[in-house]
Amino acid sequence: MRLLVVEDDKHLNRQIVTALEQAGYAVDKAFDGEEGGFLGETEPYDAIILDLGLPKLDGVSVLTGWRRAGKRTPVIILTARDRWSDKVQGFDAGADDYVTKPFHMEELLARVRALLRRATGHASSELVCGSVRLDTRSGRVSVRGAPVKLTSHEYRLLSYLMHHAGRIVSRAELTEHLYDQDFDRDSNTIEVFIGRLRKKLGVDLIQTVRGLGYLIEPKGEA
Ligand code: CA
């Protein structure tokens, strides 16, 4: 999953980005409304964290612009305490959730997980496909109850495919959603990661659909 953080407070921006990266997401960052607005409109993010008080273009205008352009990316707005009218304006502009500053990073992470889950049609924070379980809270993966140790890239890949179980995901889509802007992208690496992931999981979970991409069947625990 790939996220965008738009926050002009450099320290807070870095804190959020670091926490999200540690939680296993690919993250891009912007420090003003123009830059953030452009990225949100042109890049395929899975969710966006948007501060409302931004230089150059305020958050509500940025969000309004995205929705007007038909962008349906889930958005969490960051609002100042006691500014209830900001929340109302934000929701009316198309926000999906909000966090009031100052906040605990754990709360923001939980809201991001919930939003990604909802956007992909899942009710539980634990995703199950056959004998494979992925806990989006802890980032742990197990096969038939036995823990499997994955690198952050392998986890990101598996998490994206499991969130979108039942749908064929192309290699191009994976490349766009697994790496941040600065990453040296090479779609061949996806194949390498899929190979490693299959080996580590040791079960027949990820199917290759020739010419189209990869598919995980959405079957629950048998
Ligand atoms: Ca701000």
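The values are calculated or read from the model by the stated rules, or taken from the named source; none is laboratory data. Being a predicted model, the structure only gives us computed values, none of them experimental. Don't worry about glycine lacking a Cβ; one is built from the backbone with ideal geometry, like all the others, and counts go over all protein chains shown. These accessible areas exclude ligands, DNA and RNA; they are computed on the full protein's heavy atoms, side chains included. Shrake-Rupley method; radii C 1.70, N 1.55, O 1.52, S 1.80 Å.
Points worth noting:
- A full extension of the chain between Q207 and S61 corresponds to an added length of 48.3 nm, given 0.36 nm per residue minus the alpha carbon distance.
- Solvent-free Debye scattering, log10 I(q)/I(0), computed from the Cα coordinates of the chain at q = 0.11, 0.13, 0.15 Å⁻¹: -0.55, -0.75, -0.97
- In this structure, the amide hydrogen of K101, modeled 1.01 Å from its nitrogen in the peptide plane, lies closer than 5 angstrom to those of T79, A80, R81, counting only residues at least 5 positions away or on a different chain.
- Length released on extending from A119 to R196, taking residue separation times 0.36 nm less the Cα-Cα span: 24.9 nm
- Relative to the current alpha-carbon distance between T151 and D182, full extension at 0.36 nm per residue lengthens the span by 9.2 nm.
- Taking θ as phi - 60° and the Karplus parameters 6.51, -1.76 and 1.60, the scalar couplings of segment 17-24 work out to 4, 4, 4, 5, 5, 5, 7, x Hz in sequence order, x denoting glycine and proline.
- Taking a point 7 Å out from the Cα of D32 in the direction of its Cβ, the residues of segment 52-90 whose backbone N falls within less than 17 Å of it are 52-63.
- Accessible area of segment 126-216 divided out per residue, in Å², using a probe of 1.4 angstrom: 52 Å²
- Taking the square roots of five times each eigenvalue of the Cα gyration tensor of segment 126-216, the equivalent ellipsoid has semi-axes of 20, 15, 12 Å, listed largest first.
- When the pairs K29/K71; K29/K200; K56/K87; K149/K219; K71/K149 are compared against a 26 Å limit on Cα-Cα distance, K29/K200; K71/K149 fall above it.
- For segment 2-119, convex hull volume per residue from C-alpha positions, Å³: 89 Å³
- Surface share of carbon and sulfur [accessible, 1.4 angstrom probe, percent] for the chain: 48 percent
- D92 versus A80: modelled label distance in nm, points set 7 Å from Cα along the beta carbon direction: 1.9 nm
- In the chain, excluding the sites themselves, the longest stretch lacking any of the chymotrypsin sites (Phe, Trp or Tyr not before Pro) that are in a DSSP loop with at most 16 other Cβ atoms within 10 Å is 1-102.
- Along the chain, counting only trypsin sites (Lys or Arg not before Pro) with a DSSP assignment other than H, G, I, E or B and at most 15 other Cβ atoms inside a 10 Å radius, the longest segment between sites is 1-55.
- For the pair E126 and R171, label points projected 7 Å from Cα toward Cβ lie 3.5 nm apart.
- Where GluC sites (Glu not before Pro) fall in DSSP loop in segment 164-222, at most 13 other Cβ within 10 Å: E221
- Positive dipole terminus of the chain, leading residue within L39, I168, W84 (C-beta point charges): I168
- Of the residues S124, S142, ranked by 1.4 Å probe accessible area with the largest first, the sequence reads S124, S142.
- Accessible-area value, E217, 1.4 Å probe, nucleic acids and ligands omitted, Å²: 80 Å²
- Rounded to the nearest 20, the Cβ-based charge dipole of the chain about its Cα centre (Lys and Arg +1, Asp and Glu -1) stands at 960 debye.
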